Amino acid sequence: MVSAARMETFLTVARQGSIRRAATQLHVTEAAVSAAVAHVEKQLGAKLVRKAGRGIALTEAGRVYAEYCRSILGLMKEAHAAVRQAEIGRLRIGVVATAGESVLLRPLAKFRNRYPDIELSLSIHPRDVLFVELQHHETDLVIAGRPPRDAGLVTRARRASQLVVVGAPDRYRDPLRSTWLLRGRGSGTRDATLALLDQLQITPPTLTLGSHGAVLAAAREGLGVTLIHNDAVEHHVESGALCVLPVDGTPLDRPWHAITTRTPTPTTLLFLAHIMDRAEVGEDAFHPG
């Protein structure tokens with residue numbers, strides 16, 4: 001039976017692509033890491049890694065085993081959290097950038113004040129990465145767009161939101177002929193933008209910027225127009241830095257979803273109850289999913 005510690009070591013090697021970098025991260029010797037990987041291979045009777053240049057790469061068996069390790073280790077941590085009292089547990093939240101900056105922070109701050117003994121962590125990643133982490137039980141709750149249909153995930157709550165097209169005022173009289181600013185791959189808003197352009201049957205110039213913040217700043221500076229959640233631009237529109245542009249097919253209803261696995265921890269359920277408590281979070285409240 002492979003121990004959790006050796007699984008963790010193997011998974012670190014898989015992520016780092018290097019025995020040396022894995023040893024540095026784990027604060028152990030390279031010999032110890034190599035021995036742990038060799039022990040796992042012996043236990044399984046399968047070759048998991050191979051040399052690749054100056055580092056290592058996973059074999060097909062290694063890739064399969066790494067996925068199982070992620071789920072097993074995630075479930076073990078989730079099991080530990082599940083038996084603790086909700087008010088002193090741990091909560092790992094994953095969000096897409098727009099939700100992290102524009103939707104979650106106020107409710108999260110109130111939750112922390114309400115339950116100061118809960119260990120909180122917040123990670124911001126593209127939607128696709130978040131759903132994979134949730135499936136592997138590496139995150140307790142995700143706030144993003146709608147999850148994939150066959151992912152085995154459950155939408156517990158929703159909050160209304162719309163995607164609108166915005167640009168600098170008096171700059172874009174015809175947004176269909178303007179440059180469209182896109183987020184990086186894995187972004188749900190990027191996918192929605194490309195689908196909208198297909199629907200409009202136009203192929204305008206595009207400019208891909210890696211982050212939500214970069215896209216928003218570029219739009220304010222007049223580099224192009226962008227499709228974005230109204231939550232993210234509300235105060236920019238009110239101040240006159242941006243304006244909502246009329247484009248056929250918009251606004252698009254794209255509610256935020258609070259998503260968990262089928263077995264949420266007590267602390268996760270406590271947070272869900274909090275964000276649906278209008279008396280506590282006001283207009284930021286979610287509604288039961």
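Ordering 240-252, 86-98, 188-200 by mean Cβ neighbour count within 10 Å, with the highest value first, yields 86-98, 188-200, 240-252. Relative contact order of the chain, taken over Cα pairs closer than 8 Å and 6 or more residues apart, is 22 percent. Find the centroid of the Cα atoms in the stretch 97-143 and in the stretch 189-207, then give the distance between the two in whole Å. One Cα centre to the other: 29 Å. Per residue, the convex hull around the alpha carbon atoms of the stretch 98-163 comes to 109 Å³. Listed values [x] 109, 40, 32; [y] 44, 43, 38; [z] 67, 49, 33 include one computed from this model; for Cα extents along the principal axes in Å that value carries the label [z]. The angle between the Cα long axis of helix 30-44 and the longest principal axis of the Cα atoms of the chain comes to about 80 degrees, rounded to the nearest 10.
Relative to its residue count, the stretch 1-150 spans a Cα convex hull of 148 Å³ per residue. With all pairs of different C-alpha atoms in the average, the Kirkwood value for the hydrodynamic radius of the stretch 148-217 is 14.2 Å. The chymotrypsin sites (Phe, Trp or Tyr not before Pro) of the stretch 1-94 include none that meets both conditions, a loop assignment by DSSP and at most 15 other Cβ atoms within 10 Å of the site Cβ. Roughly how tilted is helix 266-275, in degrees to the nearest 10 and between 0 and 90, from the longest Cα axis of the chain? Value to nearest ten degrees: 10. Using the Cβ of R84 as centre and a radius below 15 Å, the other residues enclosed give a net charge of -2, where K and R count +1 and D and E count -1. Of all DSSP beta bridges confined to the chain, the antiparallel ones make up roughly 65%. When all alpha-carbon pairs of the stretch 185-250 are counted, what percent fall beyond 19 Å? Counting pairs separated by more than 19 Å, the tail of P(r) holds 32 percent.
Debye calculation, C-alpha points only, no solvent: report log10 I(q)/I(0) for the stretch 62-138 at q = 0.11, 0.25 Å⁻¹, in the same order as the q values. So the normalised log intensities work out to -0.35, -1.17. Here the chain exposes an accessible surface that is 51 percent carbon and sulfur, computed with a 1.4 Å probe and the other protein chains kept in place. Farthest towards the positive end of the charge dipole of the chain, among the residues P175, A241, L196, is the Cα of L196, using unit charges on the Cβ of Lys, Arg, Asp and Glu. In whole angstrom, the stretch 161-282 maps to an equivalent ellipsoid with semi-axes of 31, 17, 13, each derived as √(5λ) from the alpha carbon gyration tensor and ordered largest first.
The values are calculated or read from the model by the stated rules, or taken from the named source; none is laboratory data. Here the structure is a predicted model, which is why all the values come from computation and not from measurement. Note that each Cβ is placed from the backbone with ideal geometry, even for glycine, and that neighbours are counted across all protein chains shown. Heavy atoms of the whole protein, side chains included, go into the accessibility calculation; ligands, DNA and RNA do not. Shrake-Rupley method; radii C 1.70, N 1.55, O 1.52, S 1.80 Å.
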